[in-house]
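Accompanying notes for the structure given below.
The values are calculated or read from the model by the stated rules, or taken from the named source; none is laboratory data. Values in this document were obtained by computation on a predicted structure and should not be read as measured data. Note: ideal-geometry Cβ built from the backbone for every residue, glycine included; neighbour counts use all protein chains shown. Heavy atoms of the whole protein, side chains included, go into the accessibility calculation; ligands, DNA and RNA do not. Shrake-Rupley method; radii C 1.70, N 1.55, O 1.52, S 1.80 Å.
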Amino acid sequence: MGYQIHIFRPKEANVISYEELKKLIDSDDSLLLSESNINEILWVNHPLGGIDGHTPVLYFEEKRISSRYPDEFVTKKMFDMAQQINAALGDDEEAFDDNYRLEIDESCENILRRNNRKSNKPKWKFW
């Protein structure tokens, strides 16, 4: 079983349309539609260059935008995207609240801070 998060609107009558998705992508230089699949969105500005060397991919399916196994940075980006289109971000159980967003923001800052530390000793030395 996989872990996914989704940008969605809780009410069925107010789903995310493909036209709305296109406007969101057109307004954000860091988002690109995949050339091979119009339902795949690539996020090309991941602060660490991607997840395990791969560009993060979001999926437009079932009137929502989803990500499989997102890291903290993808989650943060999806919070920003959801806010732009007046939608919610959550998993299959519930929408995430502002406290979770603050935790994600703090986690991203800590990861970047650790990543930017420079060490003069070789990586094989632990002391």
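Relative contact order for the range 49-102: what is it in percent, counting Cα pairs under 8 Å that are at least 6 residues apart?
Numbers: 26 pairs, mean separation 10.0, N = 54.
Relative contact order here is 18 percent.
The range 3-42 gives an Rg/Rh value of 1.00, both radii derived from C-alpha positions and Rh following Kirkwood. Given R0 = 41 Å, the distance between the Cβ atoms of GLU12 and SER36 translates into a calculated FRET efficiency of 0.85. Relative to the longest principal axis of the C-alpha atoms of the chain, give the angle of the C-alpha long axis of helix 72-84, reported between 0 and 90° and rounded to the nearest 10°. The two axes meet at around 30 degrees. Based on the reciprocal of the average 1/r between different C-alpha atoms, the Kirkwood radius for the chain equals 15.9 Å.
Among the lysines of the chain, pairs that are 8 or more positions apart or on different chains and have alpha carbons within less than 24 Å of each other number 13.
Per DSSP H run of n ≥ 4, the term is -39500 (n - 2.57); total these for the chain, divide by its residue number, and report the mean residue ellipticity at 222 nm rounded to 500 deg cm²/dmol.
Numbers: 3 runs with 41 residues, N = 127.
Counting only the DSSP helices, I get -10500 deg cm²/dmol.
Of all accessible surface on the chain at a 1.4 Å probe, what whole percent is carbon and sulfur?
47 percent
Computed from point charges on the beta carbon alone (+1 for Lys and Arg, -1 for Asp and Glu), the dipole magnitude for the chain about its Cα centre is near 900 Debye. For the range 37-87, list log₁₀ I(q)/I(0) at each q in 0.18, 0.21 Å⁻¹, using the Debye formula over Cα point scatterers of equal strength and ignoring solvent, two decimals each. At q = 0.18, 0.21 Å⁻¹ the computed log10 ratios are -0.56, -0.75. With protein chains left intact and a 1.4 Å probe, residues in the chain average 70 Å² of accessible area per residue. Here the Karplus curve 6.51 cos²θ - 1.76 cosθ + 1.60, taken at θ = phi - 60°, turns the phi angles of the range 88-93 into couplings of 10, 10, x, 9, 6, 8 Hz, with x standing for Gly and Pro. Relative to the Cα centre, the charge distribution of the range 69-109, modelled as +1 at Lys and Arg Cβ and -1 at Asp and Glu Cβ, gives a dipole magnitude of about 280 debye.
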